[in-house]
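Single-structure report; data block below.
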Amino acid sequence: MINILAISGSLRKSSFSTKILVHLSKIAPENTTFSLTDKLDKLPHFNPDIDDDGAFAEVEAFRSQIKESDVVIISTPEYAKGIPGVLKNALDWIVSSGEFIDKPTAVISASPLPTGGDEAMRSILLTLGMINAHIPAEATMSIPEVSLKINAKGEVIDPSLQTNSEQFLSASLKNITKS
Ligand SMILES: Cc1cc2nc3c(=O)[nH]c(=O)nc-3n(C[C@H](O)[C@H](O)[C@H](O)COP(=O)(O)O)c2cc1C
């Protein structure tokens, strides 16, 4: 089985960024397991002074989830032209421990605006590049006007997003080998 870890950058209950991950879990191939982490808000604020191995169970659990996954899919909204603080905080905890080094990682940005969260995408790709994540070709997807494409039940109602999601998932899983 290929273990997919999905991380949403939004804590909002009816988040579009989370809904698209749930949609991907439903269309994922049978040889995959899909887990969605929902504890980013339980991580302490990153501070190098307290970054000691084993100091925080939540940090260790998050690091282990990444380590044990074969591919990570991050879906993020754009907040004030960047990524939400809670997601940046989570990624900062991984700088010293290195779980993202060479980790196949796919990225989605979603926004109700026509820009599709392109600044958030730009920003997270810089961060993921710094921590040496491996982003396979075509494993990024920006979703403009997301609120018109996913309904309140979380169903993808836009045919082009359905197709793009399938292509994105297949690019994310291409050449993935069990770690
Ligand atoms: C504090 C705040 C800042 C935002 N800044 C941006 C922004 O810079 N660009 C953008 O496209 N949308 C921005 N938005 C709108 C979000 O894209 C929108 O609320 C989106 O639905 C949030 O993602 P979610 O549905 O996954 O929670 C902002 C929303 C909030 C609450």
Item to complete: Please work out if Leu91 is part of a helix (DSSP H, G or I), within 16 Å of the ligand (Cβ to nearest atom) and either open to solvent by less than 10 Å² (accessible area, probe 1.4 Å) or of a type in the set (S, T, N, Q) (or both).
Response: no
Discussion item. Can you tell me which residue is most open to solvent (accessible area, probe 1.4 Å) among those in the range 54-69 that are out of contact with any Leu (no Cβ under 6 Å at 6 or more places or on another chain) and either under 28 Å from Asp118 (Cβ atoms) or free of Cβ contacts under 8 Å to residues at least 12 places away in the same chain (or both)?
Written reply: Ala57
Discussion item. I'd like to check which strands (runs of 3 or more DSSP E) are fully inside the range 1-81 and have at least 3 residues that are within 16 Å of the ligand (Cβ to nearest atom) and among the β-branched types (Val, Ile, Thr).
Written reply: 71-76
Fill in: Search result, residues across the range 94-128 that are open to solvent by 10 Å² or more (accessible area, probe 1.4 Å) and away from the ligand (no atom under 14 Å from the Cβ)
Val95, Ser96, Ser97, Gly98, Glu99, Ile101, Asp102, Lys103, Pro104, Leu125, Leu126, Thr127
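For Ala80, state whether it is on the phi > 0 side of the Ramachandran plot, free of Cβ contacts under 8 Å to residues at least 24 places away in the same chain and open to solvent by 50 Å² or more (accessible area, probe 1.4 Å).
In short, yes.
The values are calculated or read from the model by the stated rules, or taken from the named source; none is laboratory data. As the structure is a prediction and not an experimental result, all values here were calculated from the model. FYI the Cβ positions are ideal-geometry reconstructions off the backbone, even for glycines, and counts take in every protein chain you see. What goes into the accessible areas is simple: the full protein's heavy atoms, side chains included, and nothing from ligands, DNA or RNA. Shrake-Rupley method; radii C 1.70, N 1.55, O 1.52, S 1.80 Å.
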